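All remarks here apply to the structure that follows.
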Amino acid sequence: LGTGGIMMREVDIDTGKGGEELTIMQISDLHYNYMNDVDFAVRNPTLLSTYTNRTWGANGSFALATRHLIDYVMTADQVMVTGDVMDYLSEGCIELTYKELWDRIPNAIITMGNHEYVQMMQGNIPESIPLSERWQMVQNVWKHNIYYSSKVMGDKVMLIQLNNGERKFYESQIEPLQKDLALAREKGYTVLLFMHETLVTNNPAMAS
């Protein structure tokens, strides 16, 4: 888009159902990197080490660049963010996620990447909070279920977000996915799946 540095790919999908056109925009990897006063007051040793060593995008420096992107995608009917919106799990990164994204696009759906639940990011202090507790910390502030959620738009498109940020899927995702796919077949919905890690099918055509 001009000299703005934003690159995009357009895909047109004919659902066969007619009606008004829907615009769904996918963005990914915003990597908000920030620690706020709450983080420094808590003094989590893992995060303090990350703050010292993780200089890429530090102090929220990516926020300005992504603001131009948000200006553009907020015109869509639905925005899907496929992971790594936060560079690591901190109060500051959560703050930026709301300020820069959810406060501007309240209905944005943000799936998990491989960064949202991590606090050790190029630091030298191991994780000081168990993995299960870190996942719960994310869920406590997220606007939708972090493992699975779905949405039907225009009675013709079903959007599904799946957490595969640990390079795996979860048993809790099976039942809702089965129900949604059954509904989609019954209603004739076009199903679009959104996740962070790409699926590898071992199809040689994928290498081209």
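Listing for the model above:
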quantity	calculated
Cβ-Cβ under 6 Å pairs, at least 6 apart or on other chains, the range 42-70 side in a helix (DSSP H, G or I), far side hydroxyl-bearing (Ser, Thr, Tyr)	Pro45/Ser128; Thr46/Ser128; Leu47/Ser90; Thr50/Tyr88; Gly60/Tyr34
Out of Met86, Met112, Met121, Met153, sole residue that is under 29 Å from Lys17 (Cα atoms) and in contact with an Asp or Glu (Cβ under 9 Å, 6 or more places away or on another chain)	Met153
Single residue of the range 101-114 satisfying the filter (surrounded by fewer than 22 Cβ atoms within 10 Å (Cβ to Cβ) and in contact (Cβ under 8 Å) with a residue 40 or more places away in the chain) that is farthest from Gly60 (Cα to Cα)	Ile109
When residues of the range 118-168 are limited to those that are assigned to a helix (DSSP H, G or I) and of a type in the set (Val, Ile, Thr), the one surrounded by the fewest Cβ atoms within 10 Å (Cβ to Cβ)	Val141
Test result for Met35, buried (at least 23 other Cβ atoms within 10 Å of the Cβ) and more than 16 Å from the chain's Cα centre (by Cα)	yes
Filtered residue count, the range 71-95, keeping only those that are part of a helix (DSSP H, G or I) and either in contact with a strand residue (DSSP E or B) (Cβ under 6 Å, 6 or more places away or on another chain) or open to solvent by less than 70 Å² (accessible area, probe 1.4 Å) (or both)	4
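The values are calculated or read from the model by the stated rules, or taken from the named source; none is laboratory data. All of these numbers come straight from a predicted model, not from anything done at the bench. Backbone-built Cβ (ideal geometry, glycine too); neighbour counts: all protein chains shown. Ligands, DNA and RNA are excluded from the accessible area calculation, which covers all protein heavy atoms including side chains. Shrake-Rupley method; radii C 1.70, N 1.55, O 1.52, S 1.80 Å.
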